[in-house]
Amino acid sequence: PAAVRRAIDALGYPVFVKPARGGSSIGITKVTDPDALDASIEVARRHDPKVVVEALVEAREIECGVLQSQGSAPPDVSVVAEIVVVGEHEFYDFDAKYLDGATRLDRQFAARAFEALSCEGLARVDFFLRPDGSVLVNEVNTMPGFTPTSMFPLVWAASGVDYPTLVNRLLQSALDRPLGLR
């Protein structure tokens, strides 16, 4: 525990404590004070025995939807959504994602990450755009949320692909994929 605490302290505060294999920002806590670390780890551990602690990255959060194309064509990429948290949310937590309508879509990036990781079907690729212009791939979510307020269907709607068409594309892509390991 002492070595873990030293490693976390070396990251600097604030940090994010999160379940390693969770989703939808459930169990994530933003920790600004070392005294709150233990309680935040326990919150994360309620969702996963493995916990990740990440340093805060000062950046804009950009998300993009990717859909596998037919044949050997490159994947299709949606317009880009920028996560802009509004209201009383300190970060893009579960409530901001799904309950409060606390985000808005902007435009503009993700097929290379999809192909580099040999993804199939669909993915949502999340980036951090730092103030110096550098881009950091934050996450490739191979099973993104699919509710009416989830970013994946929203970015495709903003790209001109409505929900029924999106579902049909995913079903067709699954039917077209060969069986077995690739």
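Residues in segment 67-87: is at least one modelled with pLDDT of 90 or more, in a loop (DSSP other than H, G, I, E, B) and among the polar types (S, T, N, Q)?
Looking through segment 67-87, at least one residue is modelled with pLDDT of 90 or more, in a loop (DSSP other than H, G, I, E, B) and among the polar types (S, T, N, Q).
Pull up segment 1-55, narrow it to residues that are hydroxyl-bearing (Ser, Thr, Tyr) and farther than 21 Å from residue 145 by Cα, then point me to the one that is surrounded by the fewest Cβ atoms within 10 Å (Cβ to Cβ).
32
Say whether the condition of being over 18 Å from residue 68 (Cβ atoms), in a strand (DSSP E or B) and not charged (D, E, K, R) is met by at least one residue in segment 151-166.
No, because not a single residue in segment 151-166 is over 18 Å from residue 68 (Cβ atoms), in a strand (DSSP E or B) and not charged (D, E, K, R).
Can you say whether residue 161 is within 25 Å of residue 22 (Cα to Cα) and either among the β-branched types (Val, Ile, Thr) or open to solvent by 60 Å² or more (accessible area, probe 1.4 Å) (or both), as far as the supplied structure shows? Write out each step before concluding.
Numbers: within 25 Å of residue 22 (Cα to Cα): no; either among the β-branched types (Val, Ile, Thr) or open to solvent by 60 Å² or more (accessible area, probe 1.4 Å) (or both): yes.
No; evaluated as a whole, the condition is false for this residue.
Being small (Gly, Ala, Ser), closer than 18 Å to residue 25 by Cα and modelled with pLDDT under 85 narrows it down to one residue among 55, 123, 102; which is it?
Numbers: 55 fails: modelled with pLDDT under 85; 123 fails: modelled with pLDDT under 85.
The match here is 102.
Kindly indicate which of 136, 154 is open to solvent by less than 80 Å² (accessible area, probe 1.4 Å), at pLDDT below 90 and not basic (Lys, Arg). Full working, then the answer.
On the way: 154 fails: at pLDDT below 90.
Matching residue, one of 136, 154: 136.
Go through 177, 182 for me and flag whichever is touching a Gly at 6+ places or on another chain (Cβ under 8 Å), charged (D, E, K, R), surrounded by fewer than 17 Cβ atoms within 10 Å (Cβ to Cβ) and farther than 21 Å from residue 18 by Cβ.
Numbers: 182 fails: touching a Gly at 6+ places or on another chain (Cβ under 8 Å).
Exactly one of 177, 182 is touching a Gly at 6+ places or on another chain (Cβ under 8 Å), charged (D, E, K, R), surrounded by fewer than 17 Cβ atoms within 10 Å (Cβ to Cβ) and farther than 21 Å from residue 18 by Cβ, namely 177.
The values are calculated or read from the model by the stated rules, or taken from the named source; none is laboratory data. Quick caveat: nothing in here was measured; it's all calculated off a predicted structure. Note that each Cβ is placed from the backbone with ideal geometry, even for glycine, and that neighbours are counted across all protein chains shown. All accessible areas refer to the heavy atoms of the entire protein, side chains included, with ligands and DNA or RNA removed. Shrake-Rupley method; radii C 1.70, N 1.55, O 1.52, S 1.80 Å.
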